[in-house]
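Below is one structure, written out as C-alpha cells; comments come after it.
The values are calculated or read from the model by the stated rules, or taken from the named source; none is laboratory data. Just so you know, these numbers come straight off a predicted model, no measurement behind them. So basically every Cβ, Gly included, is an ideal-geometry build from the backbone, and we count neighbours across all protein chains shown. Areas reflect the complete protein model, heavy atoms only, side chains present, ligands, DNA and RNA absent. Shrake-Rupley method; radii C 1.70, N 1.55, O 1.52, S 1.80 Å.
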Amino acid sequence: MEEIEVNQSSESKEEEQRVWSWGAGTDGQLGTGCLQDELSPQLLHLPFSISTLACGGAHVLALTSCGRVFSWGRGTSGQLGRGDMVNSSYLKPISFFDGYSVTQLSAGWSHSGFVSDSGCLFTCGDGSFGQLGHGDYSSYCSPVKVSYFTNNNVQQIACGMRHSLVLLKDCLGNQVYGFGSGKRGQLGISKDKIRSVSLPQVTNGFEDVEIVGISANGDHSASLSANGHLYTWGKGFNKTSDSYIPQCLSSSLCFSKTALGWNHTLLLTVTRLYMTCSWQSSISVAGDGEVFMLGGSNHGVLSDPEKMSPAKPLSENSNEAALEKVSGLDDTKVVQIAAGAEHSALVTGNFQPSFFIYLSTYFSLAHLFSFLNAIADNGIIMTWGWGEHGQLGLGNTSDQTKPKAVSLDDEVQSNDASFQVYCGSGFTYAIRTLSLPSQT
Amino acid sequence: MSYDDVEIEDMEWNEELQVYTYPCPCGDLFQISKAELQSGEVMANCPSCTLFITVIYNIEDFLDKKQKDKFEPSKQQPVAAA
C-alpha cells in the first residue's frame with residue numbers, strides 16, 4: 001500500500017492495534033488495496049492507530065488517535081471528502097480537516113458527516129435529497145460547514161441512506177434535527193408526509209426528554225434517552241406502518257446502545273460493572289449486557305426465499321414490532337453491538353485482569369481455571385444475518401440466524417485486549433487494541 | 001422473494017448506466033432500464049448479488065417515448081401506484 005500518505009508524528013506505542021476487514025469489497029471499502037469481496041477477516045497494515053471508524057454504504061471514514069480523518073472506498077458522490085468523485089481503495093487523509101479537531105463522524109449510504117471539537121458540523125457527498133443540510137440539493141466533494149447551526153453546539157451527526165440527524169448539546173427540547181429525505185417519516189419533523197428538506201428542522205417529540213445518542217440507517221431513525229429508553233421513527237420494522245413522530249418503545253428494559261440496520265435494530269441493555277461485585281453477585285448481574293432485536297423478521301434468511309416470511313400480518317392490537325432477545329448467546333455478556341444493512345455483529349465481554357487478581361484472593365487456581373473455561377467465549381466477535389458477500393467473516397457466503405464466533409486468526413489471548421466492531425452496508429471491520437505494559 | 005417494494009419515484013436515474021437505481025443492502029445498486037419498464041418488467045436486479053426489488057410504477061408513464069422522455073423522478077409529482 002505504497003500510496004498511503006503517512007505524515008504523522010510517532011503515536012504512543014503503549015497500545016498495539018490490529019485491524020481486520022471482511023465482506024463486500026468491490027468499491028475498495030475493505031482497505032485491502034484489492035477490489036474484491038473477502039469471506040474471512042483480512043489483517044490490514046495501517047500506518048496509524050484508529051480512534052473510531054464510520055462505515056457507510058461502501059465507504060469508510062476513520063478518525064485516527066492523532067485526530068486526523070482518513071477515508072476510502074466508494075467516492076463517486078464525493079463522500080470521501082477529498083475533493084474528487086472517484087473510488088479509492090487506498091487510505092488517504094481528508095486534508096480539509098488539517099487544523100480542525102474532528103471528534104465524531106458518520107458515514108451514510110453516499111454521504112458523510114463530521115463534528116469538530118468546537119461543535120461545528122461538516123458534510124459532504126451526495127446531496128440530492130438535501131441530506132447535507134446546506135439548503136440545496138447539490139453534492140459536494142469536500143466537507144462544507146453546515147451554517148444553519150450558528151451556535152456551534154453540535155454534539156453528534158448520524159447519516160442514513162438519504163437523510164441525516166443531528167444532536168445538539170445543552171439544547172433541551174430542540175436537541176434533535178433532521179434533514180434530507182423524509183418520505184418514510186425518518187426526519188420526525190411533521191405529521192404529514194414530507195418529501196425532503198435541505199435545511200435542518202427540529203424533530204418533534206423530545207420536548208421533555210433528554211436525548212444522549214442518535215442513530216440513522218436506511219430509512220430508519222432512532223435515539224436513546226438519558227434514562228435508557230429507545231425512540232424510533234421512519235420506516236416501520238417488519239412491515240409495520242411508518243412513524244412520522246418518534247415512538248418510545250414500551251419496554252421495562254434500560255438500553256445503553258442501539259444499532260440500526262435497514263430492517264432491524266439491535267439493542268444492548270445497560271451493563272453494570274463487575275469490579276465491585278462479589279463472586280455471587282457477579283453471577284447475579286450476568287443478565288445485563290443482553291442483546292435484543294426489533295424487526296429483522298428476515299434477518300439471516302435473505303438468501304433463502306423459502307424461509308423469508310411474507311409481510312407479517314400486524315398483531316391486532318398493536319402496530320409495534322416485537323422486541324425479541326437474540327438467541328444463542330446464553331448468559332454471555334455483550335459489550336458492543338453493530339449493524340450493517342442486513343447483518344449484525346457484537347463483541348462479548350472481556351474481564352479485566354484486576355478482576356482475576358481480586359478473585360484469586362478468594363479462590364484456588366483450580367476454581368479460577370474452571371471459571372476461565374466458563375467464560376471462554378468472552379472477548380470475541382460474533383456475527384449473524386445475511387452473508388452473501390462474506391460480511392459475516394465466517395469463511396463462507398451462508399446466512400446465519402444466530403450469532404457465530406468470527407476467527408480472527410490472532411494468537412493473542414489476552415485480557416488486556418479490547419475489541420471494537422463496525423458494520424457498513426455489506427462489510428465489517430474489527431479492531432483489537434492491546435494495552436502493552438509500560439517499557440520504562 | 002422480493003427484498004422490498006420500491007416506487008419508481010424513489011429510484012434515481014443514473015445517466016451513466018442509463019438505468020433507474022435504488023440502493024441494495026450489499027452496497028451496490030438495484031437497476032432497471034426504461035426498456036424493461038416499457039416491457040412491463042417489475043423486477044430490478046442487483047448486479048452483485050441475488051437480491052431483487054419489485055418496482056411499483058405506472059407502465060403508461062413509460063410507453064409514449066417522445067412524450068415521456070422528460071420524465072425525471074426527482075422532480076416528478078408522486079406517481080400513483082398501479
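Please indicate, with yes or no, whether at least one residue in region A:122-139 is touching a Phe, Trp or Tyr at 6+ places or on another chain (Cβ under 9 Å), among the aromatic types (Phe, Trp, Tyr) and within 22 Å of A:Arg68 (Cβ to Cβ). Talk me through it step by step, then tell me what you get.
To start, the set of residues in region A:122-139 that are touching a Phe, Trp or Tyr at 6+ places or on another chain (Cβ under 9 Å) comprises A:122-135, A:137.
If we keep only those that are among the aromatic types (Phe, Trp, Tyr) too, we end up with A:122, A:129, A:137.
Checking which are within 22 Å of A:Arg68 (Cβ to Cβ) leaves us with A:122.
The answer is yes; a qualifying residue exists.
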Got a sec? Which of A:Cys159, A:Cys141 is surrounded by 21 or more Cβ atoms within 10 Å (Cβ to Cβ), touching a residue at least 12 places away in the same chain (Cβ under 8 Å), touching a Ser or Thr at 6+ places or on another chain (Cβ under 9 Å) and under 28 Å from A:Gly340 (Cβ atoms)?
A:Cys159
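Does region A:101-110 contain any residue that is part of a loop (DSSP other than H, G, I, E, B) and farther than 25 Å from A:Leu35 by Cβ?
The first filter runs over region A:101-110 and keeps only residues part of a loop (DSSP other than H, G, I, E, B), leaving A:101, A:108-110.
Narrowing further to those that are farther than 25 Å from A:Leu35 by Cβ: A:101.
The answer is yes, given that some residue of region A:101-110 is part of a loop (DSSP other than H, G, I, E, B) and farther than 25 Å from A:Leu35 by Cβ.
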Members of region B:13-34 that are more than 12 Å from every other protein chain (Cβ to nearest Cβ), open to solvent by 40 Å² or more (accessible area, probe 1.4 Å) and in a strand (DSSP E or B):
B:Gln31
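Quick one: in region B:35-52, which of the residues that are away from chain A (no Cβ under 12 Å) and not in a helix (DSSP H, G or I) is least open to solvent (accessible area, probe 1.4 Å)?
Restricting attention to region B:35-52, the residues satisfying the condition of being away from chain A (no Cβ under 12 Å) are B:35-45.
Those left that are additionally not in a helix (DSSP H, G or I): B:39-45.
Values: B:Ser39: 90, B:Gly40: 34, B:Glu41: 70, B:Val42: 64, B:Met43: 70, B:Ala44: 0, B:Asn45: 74 Å².
Among them, the one singled out is B:Ala44.
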Only unsatisfied item for A:Leu267, checking (1) open to solvent by less than 30 Å² (accessible area, probe 1.4 Å); (2) modelled with pLDDT under 50, is (2)
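Here are some residues: A:Asp126, A:Asp98. Which one is of a type in the set (D, E, K, R) and either touching a helix residue (DSSP H, G or I) at 6+ places or on another chain (Cβ under 6 Å) or over 24 Å from A:Val19 (Cβ atoms) (or both)?
On the way: A:Asp98 fails: either touching a helix residue (DSSP H, G or I) at 6+ places or on another chain (Cβ under 6 Å) or over 24 Å from A:Val19 (Cβ atoms) (or both).
So the residue among A:Asp126, A:Asp98 that is of a type in the set (D, E, K, R) and either touching a helix residue (DSSP H, G or I) at 6+ places or on another chain (Cβ under 6 Å) or over 24 Å from A:Val19 (Cβ atoms) (or both) is A:Asp126.
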